[in-house]
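One structure is given here, and the rest of the page talks about it.
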Amino acid sequence: MLVAQHLSHSYTNTEGQRVLALTDVSLTLQAGTFTCLVGPSGCGKTTLLRLMAGLMNPEQGHIAFEEKPLTKPTRRISLIFQRDSLMPWRTVTQNIALPLQLARIHKAEQQVRIDHMLDITGLRGFEGAYPAELSGGMAQRVSIARGLVTQPDILLLDEPFGALDAMTREQMWQELLSIWSTSQATMLMVTHDIREAVFLADRVLVMSQRPGRLLADIAIPLSRPRRLDEHLEQLTQLEIQVRQALQP
Ligand SMILES: Nc1ncnc2c1ncn2[C@@H]1O[C@H](COP(=O)(O)OP(=O)(O)O)[C@@H](O)[C@H]1O
Ligand SMILES: [Mg+2]
């Protein structure tokens with residue numbers, strides 16, 4: 001569905017030097033799958049997501065979305081940013097509605113889609129709340145709802161649960177998996193939490209230190225639905241595999 005070939009990208013820093021962020025990264029996302037990407041801080045994970053969202057064009061290499069070159073953002077690929085980017089002056093409903101307003105979707109259709117997102121993200125009863133009134137977990141659910149309300153084929157998530165405490169995070173894993181199965185979107189999620197990656201994904205991609213390259217592509221053959229307590233031993237084995245790939 002989304003195919004990246006030989007991507008390299010660099011930035012110019014404030015001293016005018018070129019910083020190579022990413023080098024020769026190739027990956028293919030199959031429709032309906034859940035892929036996690038782990039790697040050390042600063043290795044180019046966010047850069048890769050921004051490229052795969054069409055927000056920037058790679059310096060080298062190319063990206064094809066359904067066999068056509070991806071050169072600009074499309075409503076069919078959504079990106080949820082690392083930092084909470086809700087608009088504080090908009091309510092939950094108004095935040096979720098934003099991409100629909102930008103896309104000039106008919107008012108009645110907007111309401112249908114928003115209602116559906118409120119249901120599948122468990123935000124019923126909080127329609128009129130402002131971001132400052134929400135817990136971190138709920139704010140992240142609003143971000144996910146806003147990312148999915150346009151019914152994208154692909155959802156890219158950049159460390160969406162990084163700021164949450166461990167218990168809330170584990171609750172969000174279950175919720176995200178249920179949202180994933182309802183929406184049928186293809187997911188690519190960046191995380192620095194290895195347990196999170198193996199618990200959620202069909203496949204975990206491991207990136208090197210900057211400049212980021214792919215070191216490993218590890219299949220996660222656990223059946224679904226998954227439970228932390230039931231699959232603890234297998235999860236731990238898979239975690240060890242990912243850790244070893246990170247430190248070759
Ligand atoms: N806009 C930018 N200008 C200059 N350097 C950048 C910019 N964005 C990222 N970088 C650098 O590129 C490298 C990769 O960044 P990033 O993709 O954000 O990594 P990660 O998400 O894995 O932490 C880092 O060294 C970072 O400092
Ligand atoms: Mg990042």
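The values are calculated or read from the model by the stated rules, or taken from the named source; none is laboratory data. Being a predicted model, the structure only gives us computed values, none of them experimental. Every residue, glycine among them, receives a Cβ derived from its backbone with ideal geometry; neighbour counts consider all protein chains shown.
Okay, here's what the table says:
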{"quantity": "Residue in region 102-119 that is out of contact with any Gly (no Cβ under 9 Å at 6 or more places or on another chain), within 16 Å of ligand 2 (Cβ to nearest atom), within 21 Å of Ser183 (Cα to Cα) and of a type in the set (A, V, I, L, M) present", "calculated": "no"}
{"quantity": "Qualifying strands (runs of 3 or more DSSP E) (wholly inside region 2-74; at least 1 residues being at negative phi and within 16 Å of ligand 2 (Cβ to nearest atom))", "calculated": "2-12, 18-29, 34-38"}
{"quantity": "Which listed residue, of Leu98, Leu148, Leu157, is crowded, with 21+ Cβ neighbours inside 10 Å and either within 16 Å of ligand 2 (Cβ to nearest atom) or over 18 Å from the mean Cα position of the chain (by Cα) (or both)", "calculated": "Leu157"}
{"quantity": "Where a residue in region 29-58 is β-branched (Val, Ile, Thr) and its partner, wherever it lies, is within 12 Å of ligand 2 (Cβ to nearest atom) and in a loop (DSSP other than H, G, I, E, B), with Cβ under 7 Å and at least six apart", "calculated": "Val38/Thr191; Val38/His192; Thr46/Gln82"}
{"quantity": "Conditions (1) part of a helix (DSSP H, G or I); (2) surrounded by 18 or more Cβ atoms within 10 Å (Cβ to Cβ): number failed by Glu175", "calculated": "(2)"}
{"quantity": "Met207 under 26 Å from Pro58 (Cβ atoms) and touching a Gly at 6+ places or on another chain (Cβ under 6 Å)", "calculated": "yes"}
{"quantity": "Filter result (within 15 Å of ligand 2 (Cβ to nearest atom) and surrounded by fewer than 17 Cβ atoms within 10 Å (Cβ to Cβ)) within region 186-238", "calculated": "His192, Gln209"}
{"quantity": "Members of region 223-248 found to be free of Cβ contacts under 8 Å to residues at least 40 places away in the same chain, more than 21 Å from Val25 (Cα to Cα), not polar (S, T, N, Q) and not in a helix (DSSP H, G or I), listed by number", "calculated": "Arg227, Asp229, Glu230, His231"}
{"quantity": "Qualifying residue in region 47-62 (condition: of a type in the set (Lys, Arg), buried (at least 17 other Cβ atoms within 10 Å of the Cβ) and modelled with pLDDT of 95 or more)", "calculated": "yes"}
{"quantity": "Selection count where residues are farther than 12 Å from Leu86 by Cβ and in contact with a strand residue (DSSP E or B) (Cβ under 9 Å, 6 or more places away or on another chain), scope region 121-148", "calculated": "1"}
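For (1) away from ligand 1 (no atom under 16 Å from the Cβ); (2) aromatic (Phe, Trp, Tyr); (3) in contact with a helix residue (DSSP H, G or I) (Cβ under 7 Å, 6 or more places away or on another chain), each residue gets a yes or a no:
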site: Leu22; (1), (2), (3): no, no, yes
site: Ala31; (1), (2), (3): yes, no, no
site: Leu37; (1), (2), (3): no, no, yes
site: Pro69; (1), (2), (3): yes, no, no
site: Arg75; (1), (2), (3): yes, no, no
site: Pro88; (1), (2), (3): yes, no, yes
site: Arg104; (1), (2), (3): yes, no, no
site: Ala108; (1), (2), (3): yes, no, no
site: Asp115; (1), (2), (3): yes, no, no
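Here is a yes/no grid of residues against (1) of a type outside the set (A, V, I, L, M, F, W, C); (2) free of Cβ contacts under 8 Å to residues at least 60 places away in the same chain:
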| site | (1), (2) |
| --- | --- |
| Asp153 | yes, no |
| Phe161 | no, yes |
| Asp165 | yes, yes |
| Trp180 | no, no |
| Leu188 | no, no |
| Phe199 | no, yes |
| Pro211 | yes, no |
| Ile218 | no, yes |
| Pro221 | yes, yes |
